[in-house]
Each structure stands twice: as C-alpha cells, then as structure tokens.
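This report refers to the structure that appears directly beneath it.
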Amino acid sequence: MIQASGDGSRIQVEAIRAFNRFYTARLGLLRRRHLDGRFSLTEARALFEIGSRPGVTAKELRKTLEIDNGYLSRVLAQHVREGLVRTAESREDRREKLLTLTAAGRREVAHLDAESARVIEELLGPLDEERRTELAQLLERAQALLARQERPLLSIERLRRVESAALELMEEYYESIDVVKRDDARTLRRILREPHGALWVASLDGKPMGCVMLRALPQRAEAAECKRLYVRPEARGHGVANALMDEVEAYVRGERLRWLYLDTFEGLKAAVALYRKRGYVRCARYNDNPQATLFMRKRL
C-alpha cells in the first residue's frame, strides 16, 4: 500500500501506476501475442473496432485507438492482405476508406471475444456475486471519470430561423456526397414554416459540428421525413449523429406523428448501419430523389 506522505498528486499518480502494473500482468497484456493467439493487442483491437463499427474509416479508428498513423496503416494493410478486412471508397470523403470485416475477419473476432470472455471469467472466478458487482461498478465509475475529462461538451439547439452555421453545414453535406437536389436558404426558411418543419444544429464545445432537418410528408398519413443528417468528419465518434436522431424522434413523438421516413443510398454504410441499429427498416420508394437507392422508415 502507498503511504499517504509527501505530495498528494504524486501519491495519486503512483497509485494509478501500481494498478496499471497489476492489471497489465494479470490480463496478459505484456505478452507478445494477445490471448496467446496470432495477433498483437493492437491488431486484435483494430479488428474488434472494425467489427463493432462497420464502415468506420482509418481516421476514425486512429482517433479511437490513439496510435500513430503509420503504425495503424501497417496493421490495416496486414489485415487486408490476410483477407480479414475489406475496404471501400467513402462517398462522403474520397480520401478515406470504409473498413468492414470479411467473413474470415468476423470468425477471428468471434474467437477473440470468446477467449477474452474466458480470461475475464477466470479472473473473476474467486469473487462472489456481490464483489463482482462492486468491481464492475467501480470500473464503470473510473471510466466515466476519465472519459469526462476528454469528451467535449455536446449541445443541440433547435433553430427557429435559418442561421449561417446551418447553411455552412448543409453546404458541406451537399459537397461531401455530391447532392443534386439542394435546398437553398429560401427553401429552408419555407420548410421551417411548414407543419412539422424543424432544423437542429449540434455543437461540440460550442463549435457547430452537425445538423439534421425534419420536413412534412403530406403524401403519408401521420408521417414526417428526416433529411440532411450530417456530422463533420472531425466530430465523428462522439455520438453526434445519434444525439441528433434522438432530438428528431423526440420531436416527432411530441407532434403526435407515428412514422419517420428517410432516404439514403447503400454506399453510405455508416449512416445505413446507424439507421438500422436505431430500428429503421426498408420501405417502398416514397419520393423522387434521383440519388436515393434505399428508403427506410420507423414507427414511433
């Protein structure tokens, strides 16, 4: 046990370092290969993140893992060579590649998940149920305290009028995926005056980073349409898109509507995955958007 003498800050640092030495040894993180398998810890973690977030980009992955760009590039290149990861060009940013697991990659991740669960279960084995629960709660608390220091403050505002920040975000959205049918400022103002029309802007630490719009859908009873969901690349990974969709869906429920529609195209894999995870299902075409190839809706 560290004695409480001298500088309090140094005591705290030494306590954390002591715990780091303890758990890295107990979890086998110092071994050359993770879980005594064929991957290093970084290689395994990269596979896990890609499996958890299909369509993630290398830039987003690098931010999550906090590792050197060159090192990550070598790891990803190896996974691609071994047939574990496939890449596709991003329609939002053609400089980026969308990463997904192949069938072989999914099998490897399933094996890693099973082995990791086994190791943790062995670690928890000597503890009774009460101590297991206590440990899990303490670890959740530690993660929350540390994450709060790093995560920027997310705020979402429903705009009553069209502002420059919203117009800039919309323009970035149009350019990122080469939108053909674009709404100018006058059209946006008209949409906001329509029944159920609404516009939200999300900010991180006060800087506008994302937007979404809602418009009436008169050809569908008790329905509205979600449009222009966009998050700037540097803000992705902070839950902005989900938070914006939360606002839209809450507003639709408040308007006593039953259905929320949206359109997209299959190439936007991250967006499609988000919608599906939130419960949107494929439906028949309901508009004349020439670029849309996938039409979805959700009952609220």
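General observations
- Set against the labelled values [x] 79, 54, 36; [y] 61, 52, 32; [z] 67, 48, 38, Cα extents along the principal axes in Å computed from this structure falls on [z].
- Relative contact order (percent, whole number), the chain, Cα cutoff 8 Å, 6+ residue spacing: 12
- Helical mean residue ellipticity (222 nm; -39500 (n - 2.57) per DSSP H run of 4+; nearest 500) of the chain: -15500 deg cm²/dmol
- Charging the Cβ of each Asp and Glu at -1 and of each Lys and Arg at +1, and nothing else, the dipole of the chain about its Cα centre rounds to 680 debye.
- For the range 154-299, the Kirkwood estimate of hydrodynamic radius, built from reciprocal distances between every pair of different alpha carbons, is 15.4 Å.
- Entries of 97/277; 59/181; 207/227 with Cα pairs more than 27 Å apart: 59/181
- Among 24, 199, 217 the positive-end extreme of the charge dipole of the chain (Cβ point charges): 217
- Mean Cα-pair separation over length for the range 31-150, i.e. relative contact order, pairs under 8 Å, 6 or more apart, %: 23
- Net length gained if the chain between residue 142 and residue 22 were fully extended (0.36 nm per residue, minus Cα distance): 41.6 nm
- Positive-end residue of 271, 9, 261, charge dipole of the chain with Cβ unit charges: 261
- Taken about its Cα centre, the range 154-299 carries a charge dipole of roughly 660 debye when the Cβ of each Lys and Arg holds +1 and the Cβ of each Asp and Glu holds -1.
- Selection from 159, 243, 289 lying farthest towards where the dipole of the chain points positive, charges on Cβ: 289
- The coefficient of translational diffusion for the range 31-150, derived via Stokes-Einstein from the alpha carbon Kirkwood radius under 4 °C and 1.567 mPa s, stands at 80 µm²/s.
- Choice from 249, 14, 49 showing the highest fluctuation, given a GNM over the chain with Cα pairs closer than 10 Å: 14
- Neighbour cut-off at most 11 other Cβ (10 Å), DSSP loop, trypsin sites (Lys or Arg not before Pro), the range 90-141: 94, 95
- Separation between Cα centres of the range 147-208 and the range 221-283, rounded to whole Å: 14
- Relative contact order (percent, whole number), the range 147-236, Cα cutoff 8 Å, 6+ residue spacing: 29
Values in this text are rule-based calculations from the coordinates and carry no lab data. No experiment lies behind these values; they were computed from the predicted model shown. All Cβ positions, even for glycine, are placed from backbone atoms using ideal geometry, and neighbour counts span all protein chains on display.
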